[in-house]
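Following: one structure in structure tokens, then a few remarks.
The values are calculated or read from the model by the stated rules, or taken from the named source; none is laboratory data. All values reported here derive from a predicted model rather than from experimental measurement. Note that each Cβ is placed from the backbone with ideal geometry, even for glycine, and that neighbours are counted across all protein chains shown. For the accessible areas, the whole protein counts, side chains as well, though only heavy atoms, and no ligand, DNA or RNA atoms are used. Shrake-Rupley method; radii C 1.70, N 1.55, O 1.52, S 1.80 Å.
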Amino acid sequence: MRPGGVLSLEVRDSRSKKDLLRPRDMQALLPATRAMELRKQDYHMERPLLNQEHLEELGHWGSAPRTRQWRTWLQCSRARAHALLLQRLPILVWLPRYPVRDWLLGDLLSGLSVAIMQLPQGLAYALLAGLPPVFGLYSSFYPVFIYFLFGTSRHISVGTFAVMSVMVGSVTESLAPQALNDSTINETARDAARVQVASTLSVLVGLFQVGLGLVHFGFVVTYLSEPLVRGYTTAAAVQVFVSQLKYVFELHLSSHSGPLSLIYTVLEVCWKLPDSKLIGATSISYGMDLKHRFKVSVVGNIPTGLVSPVAPNAQLFSKLMGSAFTIALVGFAIAISLGKIFALRHSYRVDSNQELVALGLSNLIGGIFRCFPVSCSMSRSLVQESTGGNSQVAGAVSSFFILLIIVKLGELFHDLPKAVLAAIVIVNLKGMLRQLSDICSLWKANRADLLIWLVTFIATILLNLDLGLVAAVIFSLLLVVVRTQRPHYSILGQVPDTDIYRDVAEYSEAKEVPGVKVFRSSATVYFANAEFYSDALKQRCGVDVDLLISQKKKLLKKQEQLKLKQLQKEKKLQKQATSSKDTSVSINVNTSLEDMSNNVEDCKVMVSPGDKMEDATASGQEDSKAPDVSTLKALGLPQPDFHSLILDLSALSFVDTVCLKSLKNIFRDFREIEVEVYMAACHSPVVSQLEAGHFFDASVTKKHLFASVHDAVTFALQHPRPVPDSPVSVTRL
């Protein structure tokens, strides 16, 4: 520290030549002269001590201009229209640049590999949705081709997915149940009703996703953290596994929906397990006529050709609104998380808002062609990448292969037992069920994330998929609030020979600056934790501020009462003295009545003003000589062992009215106990919010706010606060 309020920092590297440089590495990269310069490093920095006023003057600070992006959205020009077209139809950007020689063969092989997986999964996941298997093939064709036109990810495989299918199945079974009051209903009518529900649901999901994408609402998925998504998909995998047991064991189960439906299904499966029938493959089923001889359920008729588009049933919109929004968020969360993983791995960018639009159009148009809501599949996406896929040409190839199955080869799967499809579903759950190992890894890494994972998993198992997701999101947001309410508070000390300040509890060499306390919170201060911040500050400073202020006020009040009693006593004595003088004059003077009255009046005129003047002069001299009795020392109260308090506000990202009031109270309370308060390291947006909230006034100015903690400490050491004349006076800076 140099005189004149100048900060000076010198750092000389005193390490040995061997420690300073790794000769083989450095000499290979730098010339010999440069290596010599590095060995003789001598850094010197000197600058004036800066508070906020000086910093603004030095840096010509001004509020950043606000950008009104919505104005550019409303601009209309040919260039703007062309850019918007390329943004909303990405195929026009990448297809003309498609490297046919390098990528085409890999995309063809990848597309065929994905299609081979897509075929049985489409049939099987249709069962999860409570629909005839052929609608799984439709959902494996239309949405995949639409995403080929509008998507920005090169590697994800859009189509049927187990989690989405089981969510759709819970909706179709609740609105079109399998049986009512233990009576059978027409299966054809039931299937038609479920198809209508599923397709209408797909249209609604698509509308939600397109709408959110157009208003750039893709960030909403950030509220679904990775532990939440993994816990949710793991619970959904358990739901899927349980739902397939009735096909594996050929059991006729009652329809359960709502909370605890999974528990009821498991109990019913255990109860009816002795009634399970023989399971076989397609060839055995066809040769032995298992459908008629042993009542084994098979896929059944798969009509050839495409279906005509059908308008959604608007009467179902009100019943499906909540489920559609939940499915839209879950589907997008799964797709964008996988898309970003592949984009990071292969060094390209995925537009989250356009992904939301592309997925929404896939579901919207697919719903018109009787598809159910889709997302991307983890297993198929990995296959598409590992088999050489480089673009969504692979997706287009797989969709055309599925189209060939729908048009010509669908009859080959007529006698495929549903138990085989159930086995395919269960095998494909392997990857999601492996996520149970997250419990061990999160226990070691982050137990707060583990808590989110467990709550999501248990809530989804017990409350079903829709209510479970809502409960998981609410819990994760509440946990964020709780974690910001209880951040890490610390008293900072200076690392020797540096201008760096660290927690004295963590750094043994960091020492507190004598007479100065530096306090820091690891989180921003707002309405939910402002009271905790003040309490932690008073506790860490080692002074019971509230008790000290209370004792001071009591003693000052007692002093004032004593002064008042003494003043009343003096007035009483003065009156008695005056009356005795008057009486003696009237008795001892033996004159006429007229002369006596004149003499008495003259005596009063001569004596009374003089007495009053002498009393006033004496009291004034006593007051000027008397020490200030309002200080802690004069009152006999313990004084804090520090004269300055510095609040490190570098963690603040915003301030609200509660935070402003809390900071004001801190200034007031610590000044009451003769400690001056300073602030340090505020970001410019926070300073602007402090100004907007009228935080700065005559008692707290920008001279109390410093550019860094070291600036504030240096100023506090140069200007230790003198004992104030009154408890509310402010030191001039």
>> Counting heavy atoms of the protein chains only and a 1.4 Å probe, report the per residue accessible area for segment 99-230 as a whole number of Å².
In response: 37
>> Along the Cα→Cβ direction, 7 angstrom out, place labels at Ser77 and Leu306. What is the inter-label distance in nm?
In response: 4.0
>> Keeping every protein chain present and rolling a 1.4 Å probe, give me the accessible area per residue for segment 309-356 in Å².
In response: 47
> For Thr524, which sequence-distant residues (separation of 5 or more, or a different chain) have an amide H within less than 5 Å of its own amide H, given hydrogens modelled in the peptide plane?
Replying inline: Ser653
>> On a full-extension model of 0.36 nm per residue, what is the gain between Leu462 and His414, subtracting their alpha-carbon distance, rounded to one decimal in nm?
In response: 13.6 nm
> Assuming a viscosity of 0.890 mPa s and a temperature of 25 °C, what translational diffusion coefficient in µm² per second does Stokes-Einstein assign to segment 449-536, Rh being the Kirkwood radius over Cα pairs?
Replying inline: 155
> Taking the simple approach of a point 7 Å from Cα along Cα-to-Cβ for both His252 and Trp271, what is their distance in nm?
Replying inline: 1.6
> Shape of segment 422-500 from its Cα gyration tensor (a ≥ b ≥ c, root eigenvalues): rounded if a/c is under 1.5, otherwise prolate when a/b > b/c, or oblate?
Replying inline: oblate
>> How would segment 357-420 be classified by its alpha-carbon gyration tensor: rounded, prolate or oblate, with rounded meaning a/c under 1.5 and the a/b versus b/c comparison settling the rest?
In response: oblate
> Given a 1.4 Å probe and every protein chain left where it sits, what share in percent of the accessible area of segment 659-716 is carbon and sulfur?
Replying inline: 57
> Among Asn186, His155, Leu123, which residue has its Cα positioned farthest towards the positive end of the charge dipole of segment 122-231, with +1 placed on the Cβ of Lys and Arg, -1 on the Cβ of Asp and Glu, and the dipole taken about the Cα centre?
Replying inline: His155
> How much area per residue is accessible in segment 649-725 when the probe is 1.4 Å and only protein heavy atoms are counted (Å²)?
Replying inline: 38
>> Going 7 Å from the Cα of Val220 along its beta-carbon direction, which residues of segment 332-349 have the amide nitrogen within less than 17 Å of the resulting point?
In response: 332-337
> Given a Förster radius of 51 Å and the C-beta distance between Thr701 and Arg88 as r, what FRET efficiency does 1/(1 + (r/R0)^6) yield to the nearest 0.05?
Replying inline: 0.45
> What order, most packed first, do the peptides 119-132, 226-239 have when packing is the mean number of other Cβ atoms within 10 Å of each residue?
Replying inline: 119-132, 226-239
> segment 430-456 to segment 665-681: how many Å between their Cα centroids?
Replying inline: 45
>> Please report the carbon-and-sulfur percent of the accessible area for segment 124-275; probe 1.4 Å, protein heavy atoms only, DNA, RNA and ligands left out.
In response: 64
> What's the local net charge at Val114, with K and R +1, D and E -1, over the other residues with C-beta under 11 Å away?
Replying inline: -1
> On the accessible surface of segment 421-473, probed at 1.4 Å, how many percent belong to carbon and sulfur atoms?
Replying inline: 72
> Quick one: length gained pulling Ala314 to Ile116 fully straight, 0.36 nm per residue minus the C-alpha distance?
Replying inline: 67.7 nm
>> Can you tell me the length gained on complete extension of the stretch Val470 to Gln576, counting 0.36 nm per residue apart and subtracting the Cα distance?
In response: 29.7 nm
